[in-house]
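Have a look at the structure below before the remarks.
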Amino acid sequence: MRKLTIFLIIAIFLGLIVVIPQEEELSAFRYYKKIDGIDIKTPTVVAVPMSETLNSIPIFAVFNETEKTFEGFVIEDINQEEKVAIEISPENYQPMIDNDYITYFEFDFQENAPNRASLTLTSEKPILSSGVTLFLDKYVALPRTIKILIEDDNGNRKIVLAETELTSNTINFPPTVASKWIIELSYYQPLRITEFKLHQDNVFKETQRLIKFLAQPNHHYRIYYDPDRIIDIKTKEVGEIHREKNFILLSQVKIRKNEKYTVADSDKDKVPDMYDNCVLEPNPDQKDENRNGRGDSCDDFDYDGIINSKDNCPLLANRNQLDDDGDGIGNACDKEESRITERYSWLPWLIIIISAGIIISFFILGLKKTKKFK
């Protein structure tokens, strides 16, 4: 019985190790497609159309419900017409247009100064566009504002979108044609952008996206998609299934809302990361006393390099954070000592002397009693 109990405890523990990460990863996705009853006798490559995901982060999870594991898969995009190639400057901004949602560009950030950045997108052919989308790295909030301009061959600039506060990662504006686009951003927290997409409205949008994976007989699957954050899912090894031409196309798969979806909220303060003025410091009230766009909890009022929520003197610089009395208030701003032993420095010595006298008295009494019994 004891061995069985130990075995169950170990099994439960290992189960938690496997299940909890899966729950965290799957909770990032808004939707999934459920695949049941594939009529196959041997492992077979199946393909599921996912064209409705073309404007979302192209991160997917093929979850094997039968084995509770993530399957390897390949993505195939079949384009009827290629989009116009775009270049970005400065050149070190390249990770924002490399179609890799894991790489990112991290903008320079100064904690107590206005942070602004400008990027330029150019193309050989004019692009008709009516929107842009920013894809952010995890634990990152939206920039505070965005401004969009175009520039003609003579260097004349025209405002397409006046400086506007961001409330979504997709921003729309009146349809505009240009070969050179200037994007200006202001931000109040560290900013990482994984991809910056200029919508190309003049491209014929007949793109078919397929997710291909190797299905097993009598297994059930879910394809999760449209996450609200960047996630990295470890999958099983995927073979050369992209070479397989005789695959089963499952075109009639219903879309379902993911009941496990939870909006990204790194600090658990019930304010989504995208809109949180302190992404990593809980501040449900979003209080911003100086209205600089950075919440008071992660601001640094005294410029000593320590954020308010961790600073024992948030209004007075004290980088060393000394707190001799241990009352949570730094020496620099502790106007009155909170302990009686600090107000009267001689008191601890008096207590020590009295304590020593008591101990010595008991020791002497003990010796007298010992002599008496002798």
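Distances between placed amide hydrogens fall under 5 Å for Asn202 paired with Leu128, all partners being 5 or more residues away or on another chain. Compared with the dominant Cα axis of the chain, that is its longest principal axis, helix 2-26 is turned about 50°. Along region 238-246 the Karplus relation, 6.51 cos²θ - 1.76 cosθ + 1.60 evaluated at θ = phi - 60°, assigns HN-Hα couplings of 10, x, 7, 6, 5, 7, 6, 9, 9 Hz to successive residues, with x for each Gly and Pro. Within straight-line reach of Lys212, meaning a Cα separation under 14 Å, sit the following aspartates and glutamates at least 8 residues removed in sequence or on another chain: Glu71, Glu76, Asp77, Glu237, Glu240, Glu244. Each residue of region 229-237 was assigned a 3J(HN,Hα) from its phi angle through the Karplus expression (A = 6.51, B = -1.76, C = 1.60, θ = phi - 60°), giving 7, 7, 9, 10, 9, 7, 10, 5, 4 Hz with x at Gly and Pro.
To the nearest 20 debye, what is the magnitude of the charge dipole of the chain about its Cα centre, counting +1 on the Cβ of each Lys and Arg and -1 on the Cβ of each Asp and Glu?
On the way: 46 positive and 61 negative charges, 473 e Å.
My answer is approximately 2280 debye.
Which whole-number percent is the relative contact order of region 87-198 (Cα, under 8 Å, 6+ apart)? Each step should come with its number before you reach the end.
On the way: 249 pairs, mean separation 46.5, N = 112.
Once normalised by length, the contact order is 42 percent.
Sort 162-171, 125-134 for me by packing, meaning the mean count of neighbouring Cβ atoms within 10 Å per residue, highest on top. Show your work: numbers first, answer last.
On the way: 162-171: 13.4, 125-134: 17.4.
Packing proxy ranking, top to bottom: 125-134, 162-171.
When you restrict to C-alpha pairs under 8 Å that are six or more residues apart and normalise by the size of the chain, the relative contact order lands at 24 percent. Separation of region 141-187 and region 190-247 by C-alpha centroid, Å? First find each Cα centre; the distance between them is then 29 Å.
Put simply, when 190-198, 62-70 are sorted by average Cβ atoms within 10 angstrom per residue, most first, you get 190-198, 62-70.
With a 10 Å radius around each residue's Cβ, average the other Cβ atoms per peptide and rank 254-262, 151-159, highest first. Could you put the intermediate results ahead of the total?
On the way: 254-262: 12.4, 151-159: 9.8.
Ranking the peptides 254-262, 151-159 by packing returns 254-262, 151-159.
In angstrom, the C-alpha Rg and Dmax of region 87-198 are 13.6, 41. A crude spin-label estimate for the pair Asn218 and Asp108, with each label 7 Å from Cα along the Cβ direction, gives 6.4 nm.
Compared with the dominant Cα axis of the chain, that is its longest principal axis, helix 347-373 is turned about 60°.
Give me Lys147, Lys335 sorted ascending by neighbouring Cβ count inside 10 Å, so fewest comes first.
Values: Lys147 17, Lys335 5.
Listed from fewest to most nearby Cβ atoms, that is Lys335, Lys147.
Close amide H partners of Leu136, meaning residues 5 or more places away or on another chain with modelled amide H under 5 Å apart, are Thr194. For region 31-36, putting each phi into the Karplus relation 6.51 cos²θ - 1.76 cosθ + 1.60 with θ = phi - 60° gives couplings of 9, 8, 10, 9, 10, 10 Hz, in residue order, rounded to whole numbers and with x for Gly and Pro.
Computing P(r) over Cα pairs in 20 Å bins from 0, in percent for the structure here picks out one of (i) 31, 58, 11, 0; (ii) 20, 39, 24, 10, 5, 1; (iii) 29, 61, 10, 0, namely (ii). Divide the volume of the convex hull around the Cα atoms of region 227-347 by the residue count and you get 238 Å³ per residue.
Here, each number is a calculation from the coordinates, and none is a lab measurement. Since the model is a prediction, treat every value here as computed from it, not as a measurement. When we count neighbours, we look across all protein chains shown, and the Cβ atoms used for this are built from the backbone with ideal geometry, even at glycine.
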